[in-house]
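The values are calculated or read from the model by the stated rules, or taken from the named source; none is laboratory data. Since the model is a prediction, treat every value here as computed from it, not as a measurement. Here the Cβ positions follow ideal geometry from the backbone for every residue, glycine too, while neighbour counts run over all protein chains shown. These area figures cover heavy atoms from the full protein model, side chains too; ligands, DNA and RNA do not enter into them. Shrake-Rupley method; radii C 1.70, N 1.55, O 1.52, S 1.80 Å.
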Amino acid sequence: MSKKNLLIFMPSVEGGGVEKNFFLIINYLSNKFSNIFLITSDKLIKKKINHKIKLIGPDSSIWQTKSRYPKYFICILYLIMFLIVNKNTLIFALQANLYATLIAKIFGKKIITRSNASSEGWSKNVLKKLIYKVFLKLSDQVIVNSYDFKKELDNKFKINSVVIFNPLNKFEIQKKSREKLKFNFYKKSKIKLITVGRLVDQKDQLTLLRAINLIKEKNIQLLIIGNGKKEKKLIDYIVKKKLSSVVKIIPYKTNPYKYIKKANIFILTSKFEGLPNVLLEALALKKYIISTNCPTGPREILLNGKGGDLVKIGDYKTLSKKILNYSIKNKKLKKKLNKKINLGYQNLNRFDYSLNMQKYYNLIKRHYVDGKII
């Protein structure tokens, strides 16, 4: 019998929560499975992954500059070549799931897929919805990262997905947050706001800037951490509304926790998510959180508003009022906000790293037993 293989499929490794989960998951699995492969176009990640993982993909660094879909195409070719040679293979796709599932079924292979973000972001038109309805059913197992996401996906596409939360190591986050930081933007007398995420339409930082514009004369400062194609649009708005002394944008950081630690309020204004890591990380640092009640994840993480505040997507007026609540010198209100922070923190155990990694291992092992794929 040929040697069993676990093949991870992740064509484009990008910044943000998806990338963090990807590294955590594959490095954990590399200590559980002896023959593990990774197909990706981003070979510069070699230093971030366990040496046991065998990298497959183009060697040229030119692929680092390519957009997502060319990376998908080249990695699909590598997937086909791998499956031609390696018969006894289980595929675990964390990206480009539709394409990976199609290839897996052509070759008669089992495939587990992981969906990262609410279908609100990728299945709005009728044709896409029909295509996904077919291909999600072809996957041998679909993993999602929140119960709201499962409900949405199962109802819309008539499948039975499995929930495994994003793994959170709160002690590691707390440790990294204590690293020294020379950062002079925040002033002691100000209410310090922060948001962390890609500067893309999904994250909708423009709504946050609109809220800040309403209260820019108040005692506030906002730090935005992230990279993305919407950066120029956000900067243009900052300049136009004369917010430069109040708002600062800095590039993506591998350790945003030391910045979050300095803030009073963490804000998320996304239009859709899956299970946003940044909210878990902010709770691990005991921050007051204001988030949009977007599909999916924030409501679940924040205990339907008991562990932080929820606002409607795009509702910058309510968001501005929630921000100002933090500055009101009212003992009852302060007690209420502190209660939310503590309740959110106390309920983080369900996202525990070891607990959720074991779930990944158990699920994959069920499809992968006794030297063969069952």
Item to check | Residue, nearest to Pro276 (Cα to Cα), within the range 310-321, restricted to residues that are in contact (Cβ under 8 Å) with a residue 24 or more places away in the chain, assigned to a helix (DSSP H, G or I) and open to solvent by 50 Å² or more (accessible area, probe 1.4 Å) | outcome: Tyr316
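For (1) in contact with a strand residue (DSSP E or B) (Cβ under 8 Å, 6 or more places away or on another chain); (2) crowded, with 21+ Cβ neighbours inside 10 Å; (3) of a type in the set (A, V, I, L, M, F, W, C), each residue gets a yes or a no:
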| site | (1), (2), (3) |
| --- | --- |
| Ile56 | yes, no, yes |
| Pro70 | no, no, no |
| Phe82 | yes, no, yes |
| Val85 | no, no, yes |
| Leu90 | yes, yes, yes |
| Gln95 | yes, yes, no |
| Ala100 | yes, yes, yes |
| Phe107 | no, no, yes |
| Lys110 | yes, no, no |
Item to check | Subset of the range 255-281 [over 19 Å from Lys170 (Cβ atoms) and either open to solvent by 10 Å² or more (accessible area, probe 1.4 Å) or aromatic (Phe, Trp, Tyr) (or both)] | outcome: Asn264, Lys271, Phe272, Glu273
Checklist entry - Name the residues in the range 112-156 that are in contact with a His (Cβ under 9 Å, 6 or more places away or on another chain) and hydrophobic (A, V, I, L, M, F, W, C), would you? => result Ile112
Next on the checklist: For the range 42-61, give me the residue count where each residue is under 17 Å from Lys32 (Cα atoms), among the charged types (D, E, K, R) and either in a loop (DSSP other than H, G, I, E, B) or touching a residue at least 40 places away in the same chain (Cβ under 8 Å) (or both).
Outcome noted: 1
Checklist outcome for this item: Ala284: passes all of (1) open to solvent by 50 Å² or more (accessible area, probe 1.4 Å); (2) under 17 Å from the mean Cα position of the chain (by Cα) but (1)
Checklist outcome for this item: Those residues of the range 273-289 that are over 11 Å from Tyr257 (Cα atoms) and acidic (Asp, Glu) come to a total of 1
Checklist entry - Considering the range 176-191 alone, what residues qualify as being under 14 Å from Pro256 (Cβ atoms) and either of a type outside the set (Phe, Trp, Tyr) or modelled with pLDDT of 95 or more (or both)? => result Lys176, Ser177, Arg178, Glu179, Leu181
Checklist entry - With respect to the numbered conditions (1) touching a strand residue (DSSP E or B) at 6+ places or on another chain (Cβ under 6 Å); (2) buried (at least 21 other Cβ atoms within 10 Å of the Cβ), which one is the sole condition not fulfilled by Asn145? => result (1)
Next on the checklist: Checking the structure you have, find out if any residue of the range 301-322 is at pLDDT 95 or above, more than 20 Å from the chain's Cα centre (by Cα) and among the polar types (S, T, N, Q).
Outcome noted: yes
Item to check | Answer residue from the range 202-254, given it is part of a helix (DSSP H, G or I), β-branched (Val, Ile, Thr) and open to solvent by less than 60 Å² (accessible area, probe 1.4 Å) and is nearest to Leu310 (Cα to Cα) among those | outcome: Thr207
Item to check | Failed item, numbered, when Lys32 is tested on (1) touching a residue at least 24 places away in the same chain (Cβ under 8 Å); (2) open to solvent by 50 Å² or more (accessible area, probe 1.4 Å); (3) closer than 14 Å to Met10 by Cα; (4) of a type outside the set (Ser, Thr, Tyr) | outcome: (3)
Checklist entry - Among all residue pairs at least 6 apart or on different chains, which show Cβ distances below 7 Å where the first residue, located in the range 277-289, is on the phi > 0 side of the Ramachandran plot and the second is open to solvent by 10 Å² or more (accessible area, probe 1.4 Å)? => result Lys286/Ile341; Lys286/Tyr345
Next on the checklist: Yes or no: the range 322-331 includes at least one residue that is open to solvent by 30 Å² or more (accessible area, probe 1.4 Å), part of a helix (DSSP H, G or I), over 22 Å from Asp201 (Cβ atoms) and in contact with a Phe, Trp or Tyr (Cβ under 9 Å, 6 or more places away or on another chain).
Outcome noted: no
Next on the checklist: With the condition being more than 21 Å from Lys365 (Cα to Cα), modelled with pLDDT of 95 or more and not β-branched (Val, Ile, Thr), I'd like the helices (runs of 4 or more DSSP H) fully within the range 64-163 carrying at least 1 qualifying residues.
Outcome noted: 68-85, 97-106, 147-157
